[in-house]
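The structure under discussion appears below in the form of structure tokens.
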Amino acid sequence: MRWCISIGTVFAAGALAGADVPSLVERSVAAPSAQSLLSVDEAKRVDVELVLGVDVSYSMDMEELAIQREGYAEAIVSKEFLTALKTGPTAKIAITYFEWAASTDQKIILPWRVIDGPEAAGAVAEEILKAPLRRASRTSISGAINFAMPLFEANEYRGLRRVIDISGDGPNNNGELVTVARDAAVAKGVTINGLPIMAKEVNYATMDIENLDIYYEDCVIGGAGSFVVPIKSKEKFKEAIRTKLVLEVANRMPELRVVPAADREPRISCQIGERMWQERWGR
């Protein structure tokens, strides 16, 4: 069963203010046994293979793109993130970062790197920040998921978990249906988490929708322990990114509202983005 866990920015602010990572949530996400790593060269073992897929569609303004990029870089070198890193059996993760827009538009900003401490974290953060910002047309969450999947097989590392982290400010409106891509990824044991960006007023001219967090819960995320961390103000942008990464690395879930998504129909049509595009452009 896939679970949707929605965590607000109030939790993000409070949980990180005075708690060590292990005490954030007492319930761990179910994960494969560490025995599954024994056949892999010790140098190649990691706790999680984490793919960060970041939206750069035109609905994102340049300020949001800059804050988003800085948020990931700052989160990776934060005390909370480095503390989370120590909680896994290998105390290291493999991470890659790419930007996406249309179904055929993805660009890797950070190839696979291992983070095993402050020095490696600092190098990764610097590499993320140095790439020039860009924007592109359309929004294909399905394209991002489909681009991410082969990255797991292409890297030389093997983790207890494989996670795709999707951040974006609108619904899928290009490429195959997002639920098709999601279900294919989940069937292969991959978890998809979401960071819906809801930091400005809904603008139908840029294909925004109400309740993007619910759309992400019902249509985008999936797999063991999947959750959503919505960003509802620019002031909380970086804080929410940090919270999400800490939970992913520490293999934890927020103990808040839990909805068994697989047992009901989506509350928002998972084809709302495609329908809006069709109504506007007739194609």
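The values are calculated or read from the model by the stated rules, or taken from the named source; none is laboratory data. Bear in mind the structure is a predicted one, so any value in this text is a computation, not a measurement. Cβ coordinates were reconstructed from backbone atoms using ideal geometry, including for glycine residues, and neighbour counts include every protein chain displayed.
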Practice task
Please specify each residue of segment 83-94 satisfying the condition of being surrounded by fewer than 20 Cβ atoms within 10 Å (Cβ to Cβ) and of a type in the set (A, V, I, L, M).
Solution key: Ala91
Handout entry: Of residues in segment 61-73 being out of contact with any Leu (no Cβ under 7 Å at 6 or more places or on another chain) and crowded, with 18+ Cβ neighbours inside 10 Å, the one nearest to Asp208 (Cα to Cα)
Key = Glu64
Exercise for the section: Identify, by number, the condition in (1) among the small types (Gly, Ala, Ser); (2) under 12 Å from the mean Cα position of the chain (by Cα); (3) modelled with pLDDT under 95 that Gly222 doesn't meet. Expected result: (3)
Exercise for the section: Within segment 95-131, track down each residue that is surrounded by fewer than 16 Cβ atoms within 10 Å (Cβ to Cβ), over 14 Å from Asp47 (Cβ atoms), small (Gly, Ala, Ser) and in contact (Cβ under 8 Å) with a residue 12 or more places away in the chain. Expected result: Gly122, Ala131
Fill in the blank from the handout: Those residues of segment 80-91 which are more than 11 Å from Ala121 (Cα to Cα) and in a helix (DSSP H, G or I) amount to Glu80, Thr83, Ala84
Exercise for the section: State whether one or more residues within segment 132-151 are surrounded by 20 or more Cβ atoms within 10 Å (Cβ to Cβ) and out of contact with any Phe, Trp or Tyr (no Cβ under 9 Å at 6 or more places or on another chain). Expected result: yes
Exercise for the section: Inspect segment 255-272 for any residue being under 21 Å from Met149 (Cβ atoms), out of contact with any His (no Cβ under 9 Å at 6 or more places or on another chain), surrounded by fewer than 23 Cβ atoms within 10 Å (Cβ to Cβ) and at pLDDT 80 or above and give the result as yes or no. Expected result: yes
Problem - Residue check, Val202 under 30 Å from Thr87 (Cβ atoms), at pLDDT below 90 and surrounded by fewer than 20 Cβ atoms within 10 Å (Cβ to Cβ) - result: no
Exercise for the section: Inspect segment 142-149 for any residue being out of contact with any Asp or Glu (no Cβ under 7 Å at 6 or more places or on another chain) and hydroxyl-bearing (Ser, Thr, Tyr) and give the result as yes or no. Expected result: no
